[in-house]
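Shown next, in structure tokens, is the structure this report addresses.
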Protein chains: 2
Amino acid sequence: MIEIECHIIIKRNGISFLDAVKTELLEEIIKCGSLSSASKNLKISYQHAWNMIDLMNRVASEPLVNLSRGGANGGGAIITLYGKKTLKEFKLIEAEINKRVDQINVEINL
Amino acid sequence: MIEIECHIIIKRNGISFLDAVKTELLEEIIKCGSLSSASKNLKISYQHAWNMIDLMNRVASEPLVNLSRGGANGGGAIITLYGKKTLKEFKLIEAEINKRVDQINVEINL
């Protein structure tokens with residue numbers, strides 16, 4: 001079976017700061033409230049997760065996650081209001097694009 | 001400025017065989033008629049280009065490019081009718097999806 005898939009990226013001033021992998025990390029942070037637990041659940045290193053958040057926060061117009069290093073749980077991670085808004089917008093955009101993708105998948109002839 | 005970008009992948013039985021990078025390689029092969037020249041123009045190694053074509057040909061229901069190894073020009077590469085059809089379909093799908101992406105980019109509020 002042939003089908004198309006669409007990967008969405010949100011950019012600011014030409015630099016990517018949000019994609020499917022990073023939204024998954026944001027969702028996991030909302031669930032866990034800690035970057036350490038979120039990275040464990042996603043089977044990625046704490047440093048990799050930290051770098052992703054750091055990049056998002058630097059590229060976006062305001063931080064998406066407030067990070068605090070150290071402590072017994074390896075530091076806290078709290079998603080900001082802007083982070084929640086951006087995540088919601090990403091999901092809406094993804095659903096909108098996927099509606100069109102689903103229509104095309106019905107018509108595809110390869 | 002915030003904007004979204006969409007990367008399209010075509011899959012067969014769940015395995016990806018065509019994306020923007022591979023379509024660029026197909027277009028370059030049409031221009032050059034040789035994998036060696038195509039890979040040079042795209043600044044990728046001959047082996048990497050060969051592997052991409054090999055994967056496409058194995059995953060798709062029929063070959064997209066006929067490759068012949070050896071010879072003075074490092075072997076010939078001829079796109080098949082199915083390769084041309086698939087490339088055309090990819091471009092049409094990309095244009096369709098990008099119409100929707102452009103509409104969303106006007107509405108985006110982040």
Exercise. Helix B:46-59 versus the longest principal axis of chain B: what angle, 0 to 90°, nearest 10, using Cα atoms?
Worked result: 70 degrees
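Quantify how much of the Cα-Cα distance distribution of the protein assembly as shown extends past 26 Å, in percent. Could you put the intermediate results ahead of the total?
Working: 12158 of 24090 pairs.
More than 26 Å apart: 50 percent of the Cα pairs in the protein assembly as shown.
For peptide B:3-13, compute the average count of partner chain beta-carbon atoms within 10 Å of each residue's beta-carbon. The partial results should precede the final answer.
On the way: counts 6, 11, 8, 9, 6, 6, 5, 6, 5, 4, 3.
Mean number of neighbouring Cβ atoms from other chains: 6.
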Exercise. Using the beta-carbon distance between B:Lys84 and A:Leu67 and R0 = 45 Å, what value does 1/(1 + (r/R0)^6) give for FRET efficiency, to the nearest 0.05?
Worked result: 0.35
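Kindly put B:Ser34, B:Ser16 in sequence by how many other C-beta atoms sit within 10 Å of each C-beta, fewest to most.
On the way: B:Ser34 18, B:Ser16 14.
Sorted ascending by nearby Cβ count, the order is B:Ser16, B:Ser34.
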Seminar exercise, completed: Relative to chain A, whose Cα atoms define the longest principal axis, helix A:81-107 and its Cα axis are tilted in degrees, nearest 10, by 20 degrees
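How far, in nm, would the chain grow between A:Ile9 and A:Tyr46 when pulled straight, counting 0.36 nm per residue and subtracting the alpha carbon separation? If you can, show how the numbers build up before the last one.
Working: separation 37, 0.36 × 37 = 13.32 nm, distance 2.27 nm.
Extra length available between A:Ile9 and A:Tyr46 comes to 11.1 nm.
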For this session: May I ask you to list the lysines whose Cα is less than 29 Å away from that of A:Lys40, ignoring any residue fewer than eight positions away on the same chain?
Result: A:Lys11, A:Lys22, A:Lys31, A:Lys84, A:Lys85, A:Lys88, A:Lys91
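Once Rh is set to the Kirkwood radius over Cα pairs, what Stokes-Einstein translational diffusion coefficient, in µm²/s, holds for chain A at a temperature of 4 °C and a viscosity of 1.567 mPa s? Working shown, then result.
Values: Rh = 15.1 Å.
D = 86 µm²/s.
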Exercise. What are the residues whose amide H is under 5 Å from the amide H of A:Leu64, where those residues sit 5 or more places off or on another chain and H is modelled from the backbone?
Worked result: A:Asn57
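A short reminder: the numbers here are calculations on the coordinates, not readings from a lab. Here the structure is a predicted model, which means the values were calculated and not measured. Neighbour counts are summed over all protein chains in view; Cβ atoms, including those assigned to glycine, are modelled from backbone coordinates with ideal geometry.
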